[in-house]
Amino acid sequence: MEFLTSTTHLHITTWVIGLILFFLAAAGVVKSKGVHMALRLFYVLIIISGGALYYEWAINFRTDETGMDYDMKFMFGILLIGMMEMILVRQKKNKSTTIFWGLFVLFLLLTLFYGLKLPINFDLF
Ligand code: HEM
């Protein structure tokens with residue numbers, strides 16, 4: 001399964017497409033159930049590609065410096081997906097989404113931070 005773990009490109013592709021689908025669905029640009037369904041497929045692809053990177057690399061790179069960073073990345077990535085789903089479902093039921101948008105932004109920043117801090121590919125922080 002080297003294609004899943006030799007680079008982070010596949011993972012990046014899945015979450016970029018996922019975020020675009022999420023914003024399209026949330027903004028109501030495309031009024032079709034298909035966008036939300038496609039997004040749900042991308043949740044799975046994001047989790048598979050991220051999970052494979054975690055499985056392959058978290059143990060190798062677990063040093064004093066990275067500590068629990070891989071686990072934080074995993075957790076915030078999943079929580080972010082949870083917030084996307086909460087926002088879309090609550091929007092559909094005409095319920096308030098303010099708090100979930102706040103958490104979405106927070107988890108997005110934390111997921112990007114940990115992703116870009118960890119050693120594979122971009123290592124910005
Ligand atoms: C929409 C949700 C997600 C976003 C926006 C996101 C974002 C990112 C970013 C920016 C990177 C760094 C890529 C690079 O440096 O080339 C990354 C890498 C990674 N992601 Fe995600 N991710 C998401 C979901 C997940 C999930 C659900 C998991 C776990 C199941 C996960 C696990 C990982 C792992 C293990 C890495 C490799 C870290 C490294 O060593 O550099 N991600 N992700």
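The values are calculated or read from the model by the stated rules, or taken from the named source; none is laboratory data. What you see is a predicted model, and the numbers here were worked out from it, not measured in a lab. In this analysis, Cβ positions are derived from the backbone assuming ideal geometry, glycine residues included, and neighbour counts consider all displayed protein chains. Please note that ligands, DNA and RNA were not included when accessible areas were found on the heavy atoms of the full protein model with its side chains. Shrake-Rupley method; radii C 1.70, N 1.55, O 1.52, S 1.80 Å.
In this structure, is Ala58 at pLDDT 95 or above, among the aliphatic types (A, V, I, L, M) and within 19 Å of the chain's Cα centre (by Cα)?
Values: at pLDDT 95 or above: no; among the aliphatic types (A, V, I, L, M): yes; within 19 Å of the chain's Cα centre (by Cα): yes.
Judged against the criteria, Ala58 is not a match.
Of the residues Glu65, Glu56, which single one is without any contact (Cβ under 8 Å) to a residue 12 or more places away in the chain, closer than 29 Å to Met1 by Cα and among the charged types (D, E, K, R)? Show your work before the answer.
Details: Glu56 fails: without any contact (Cβ under 8 Å) to a residue 12 or more places away in the chain.
Every option except Glu65 fails the conditions.
Only residues that are of a type in the set (Phe, Trp, Tyr) and within 12 Å of Asp71 (Cα to Cα) were counted in segment 109-125, giving 1.
Number of residues in segment 1-31 that are open to solvent by less than 60 Å² (accessible area, probe 1.4 Å), within 24 Å of Ile87 (Cα to Cα) and polar (S, T, N, Q) equals 1. Can you list residue pairs whose Cβ atoms sit under 6 Å apart, with the first residue in segment 80-101 being away from the ligand (no atom under 16 Å from the Cβ) and the second being part of a helix (DSSP H, G or I)? Count only pairs 6 or more apart in sequence or on different chains. Taking only residues 6 or more apart or on different chains, the pairs are Thr97/Ile87; Thr97/Arg90; Thr97/Gln91.
I want to confirm something. Restricting to segment 40-79 and keeping residues that are near the ligand (Cβ under 9 Å from one of its atoms) and in a loop (DSSP other than H, G, I, E, B), which single residue is surrounded by the fewest Cβ atoms within 10 Å (Cβ to Cβ)? Ranking the candidates gives Phe61 first. Cβ-Cβ contacts under 7 Å between residues 6 or more apart (or on different chains), taken from a first residue in segment 16-28 that is closer than 17 Å to Leu45 by Cβ and part of a loop (DSSP other than H, G, I, E, B) to a second residue that is open to solvent by less than 30 Å² (accessible area, probe 1.4 Å) and at pLDDT below 95, are absent.
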